[in-house]
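Structure, as structure tokens:
Just so it is clear, none of the values below were taken in a lab; they were calculated from the coordinates. Just so it is clear, the model here is predicted, and its values are computed rather than measured. Counting neighbours? That spans all protein chains shown, and the Cβs are built from the backbone with ideal geometry, glycine included.
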């Protein structure tokens, strides 16, 4: 088994757009590389044609499941040297990865539901956990509250929607905050995640383990909402996605 101190050099196999302005990158999984759904890696570009003061290494949650044959990351495509190289480098280009890191993983006690609160690209660790939970037939009840501006901006919506139908333990509550700017039809929730929205879809707010992932300001707002609702801080786990 690969340990977190090992560095591997997988190659880029393919890339695709998973939402407007968001791309997924698929790398060959190194032999012996093992991780838990929800963990992350450090990815380093090797001798890139351009670089900037932010450097050649970034941390990414692994968006693929441990049972998948490849390693996938997904990211919002800002105009930085790192992202430009990632977008344009030829297939079969090698990168370095170190990891896996982190403990943002599904809790063991399946009697306690899991409530995922995701904003934007914060979906990546949850995408991994949800896919693996379905693969393992995990008994946990999983509720994903997934907030985006528009359906066009919502990464993996085309994967998560079918999963909510094929896995009776998985409940998807996607919500859009700027439908006035969308060209698509939307019949789901609208507005920001609120106590009222949580109460509408979760049998009881007390009892679940809550996982928060997204931009720091979103995570802070959700954490405040939960603590004001009386959720024990020991039942709240967070992962911030800065500067993506």
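Against the longest principal axis of the chain, how steep is helix 157-166, in degrees 0 to 90 to the nearest 10, with axes from Cα atoms? Value to nearest ten degrees: 50.
Using the Stokes-Einstein relation with a Kirkwood hydrodynamic radius computed over Cα pairs, the translational diffusion coefficient of the range 102-233 at 4 °C and a viscosity of 1.567 mPa s comes to 86 µm²/s.
Working from Cα positions, state the angle (0 to 90°, nearest 10) between the long axis of helix 216-228 and the longest principal axis of the chain. Tilt relative to the chain: about 30 degrees. Of all DSSP beta bridges in the chain, what percent run antiparallel (nearest 5)? Counting DSSP beta bridges with both partners in the chain, the antiparallel share is about 50 percent.
Here the residues 235, 180, ranked from fewest to most Cβ neighbours within 10 Å of their Cβ, fall in the order 180, 235. The mean sequence distance of close C-alpha pairs (under 8 Å, at least 6 residues apart), as a share of the length of the chain, puts its relative contact order at 19 percent. By the count of neighbouring beta-carbon atoms within 10 Å, fewest first, 112, 14, 187 end up ordered 187, 14, 112.
Working note: Cα gyration tensor of the chain, eigenvalues times five, square-rooted, sorted largest first, giving semi-axes of 30, 21, 17 Å. Panel order for 128, 40, 110, by other beta carbons found within 10 Å of each beta carbon, from fewest to most: 110, 40, 128. Counting only alpha carbon atoms, the long axis of helix 123-136 and the longest principal axis of the chain meet at about 80°.
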